[in-house]
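Engineer: The structure that follows is given in the form of structure tokens.
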Amino acid sequence: MSGISAPTPPELDCAPELAVLAVLELCVESATHAVVAEQPALRSGDPDNNPPRGDSYSIALALVHAGDELLRAIRAYRAALELEHQRDQDDYPF
């Protein structure tokens with residue numbers, strides 16, 4: 001796992017949605033790992049690997065891609081919130 005941690009109370013004061021996003025992030029990572037464990041051909045990353053033909057493989061591949069996209073979006077959102085919070089802190093030099 002990636003070391004996802006729960007947001008702190010001060011972080012939740014500023015952005016309470018971070019709580020559920022942390023849970024979602026862990027769920028998506030866990031689901032992706034489970035799908036890859038079930039479809040080992042997804043591990044290689046080698047296009048010449050001759051992946052199994054069938055609906056389960058192609059749907060698993062789509063799930064992994066969708067999971068990766070969602071994880072990137074969650075992480076980008078968290079990073080944007082951090083930058084906004086830092087900018088807000090810089091506005092008040094007290």
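Engineer: Could we say that residue 55 is over 16 Å from residue 11 (Cβ atoms) and modelled with pLDDT under 95 here? First the steps, then the outcome.
Structural biologist: On the way: over 16 Å from residue 11 (Cβ atoms): yes; modelled with pLDDT under 95: yes.
The answer is yes for residue 55.
Engineer: Could you give me the residue pairs with C-beta distances under 8 Å whose first residue belongs to region 56-71 and is surrounded by 13 or more Cβ atoms within 10 Å (Cβ to Cβ), whose second residue is in a helix (DSSP H, G or I) and among the acidic types (Asp, Glu) wherever it lies, and which are 6+ apart or on separate chains?
Structural biologist: Matching pairs, first to second residue: 60/38; 67/29; 71/25; 71/29.
Engineer: Moving to a separate point now. Based on this model, can you work out whether residue 34 counts as in contact with a Phe, Trp or Tyr (Cβ under 9 Å, 6 or more places away or on another chain) and either over 14 Å from residue 70 (Cα atoms) or loosely packed, with under 13 Cβ neighbours inside 10 Å (or both)? Show your work before the answer.
Structural biologist: On the way: in contact with a Phe, Trp or Tyr (Cβ under 9 Å, 6 or more places away or on another chain): no; either over 14 Å from residue 70 (Cα atoms) or loosely packed, with under 13 Cβ neighbours inside 10 Å (or both): yes.
No: the conditions fail for residue 34.
Engineer: Please determine, by comparing only the residues of region 31-52 that are among the charged types (D, E, K, R) and within 21 Å of the chain's Cα centre (by Cα), which one is modelled with the lowest pLDDT. Lay out the reasoning, then the answer.
Structural biologist: Within region 31-52, the subset among the charged types (D, E, K, R) is 38, 43, 46, 48.
From what is left, the residues that are within 21 Å of the chain's Cα centre (by Cα) are 38, 43.
Working: 38: 91, 43: 84.
Looking at residues that are among the charged types (D, E, K, R) and within 21 Å of the chain's Cα centre (by Cα), I get 43.
The values are calculated or read from the model by the stated rules, or taken from the named source; none is laboratory data. Just so it is clear, the model here is predicted, and its values are computed rather than measured. Because the Cβ atoms are built from the backbone with ideal geometry, glycine has one as well, and the counts that use them run over all protein chains shown.
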